[in-house]
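Okay, structure first, notes after.
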Amino acid sequence: MATSSTASVSTHILDTSVGRPAEGVPVRLSARAGRDADWRALGGSATDADGRCKDLPALPAGTTHVRLDFAVEQYLDSGAAEAFFPEVAVTFAVKAGEHYHVPLLLNPFGYSVYRGS
């Protein structure tokens, strides 16, 4: 839960080529405090059977930018086609006190992200 000094982040992956959640995809979370600051790796998780990461690390106070790195290659290579994009990095700005749900819609040859609810 976000407080006045932090933002919070959640994500999930939907494999649009089969219309199901993508299970077992490693996701790494990084943050920085300011546009020119260095990225700080916070840890990661993997998607569950519902395609969700329910245990991403909390963001430190002062975070202004977040990066989610999805390691999708092994997941996509287990299907009918090889992965064109072996990894997907999504970077976005955050404000203290807000929650950011950032879904990844994935298929072997493309992806889309958006701010969900």
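The values are calculated or read from the model by the stated rules, or taken from the named source; none is laboratory data. Please read these numbers as outputs of a predicted model, since none were measured by experiment. Please note: Cβ atoms are built from the backbone with ideal geometry, for glycine as well, and neighbour counts cover all protein chains shown.
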Open item on the list: Considering only residues that are within 15 Å of Thr6 (Cα to Cα) and either acidic (Asp, Glu) or not in a loop (DSSP other than H, G, I, E, B) (or both), which ones fall in the stretch 30-39?
Closed with: Ser30, Ala31, Arg32
Open item on the list: Take Val66 and tell me if it is at pLDDT 95 or above, surrounded by fewer than 19 Cβ atoms within 10 Å (Cβ to Cβ) and part of a strand (DSSP E or B).
Closed with: no
Open item on the list: Please go through the stretch 100-115 and give me each residue that is assigned to a strand (DSSP E or B), touching a strand residue (DSSP E or B) at 6+ places or on another chain (Cβ under 6 Å) and either among the hydrophobic types (A, V, I, L, M, F, W, C) or surrounded by 14 or more Cβ atoms within 10 Å (Cβ to Cβ) (or both), ordered by number.
Closed with: Tyr100, His101, Leu104, Leu105, Leu106, Tyr111, Val113
Open item on the list: Report every pair of residues separated by at least 6 positions or lying on different chains whose Cβ atoms are under 7 Å apart, first residue within the stretch 7-28 and at positive phi, second in a strand (DSSP E or B) and not hydroxyl-bearing (Ser, Thr, Tyr).
Closed with: Gly24/Ala46
TODO: Could you grab me the full set of residues in the stretch 69-99 that are small (Gly, Ala, Ser), surrounded by 13 or more Cβ atoms within 10 Å (Cβ to Cβ) and closer than 11 Å to Thr6 by Cβ?
DONE: Ala96
Open item on the list: The conditions are (1) in contact with a helix residue (DSSP H, G or I) (Cβ under 7 Å, 6 or more places away or on another chain); (2) over 18 Å from Glu87 (Cα atoms), and Val25 fails exactly one of them. Which is it?
Closed with: (2)
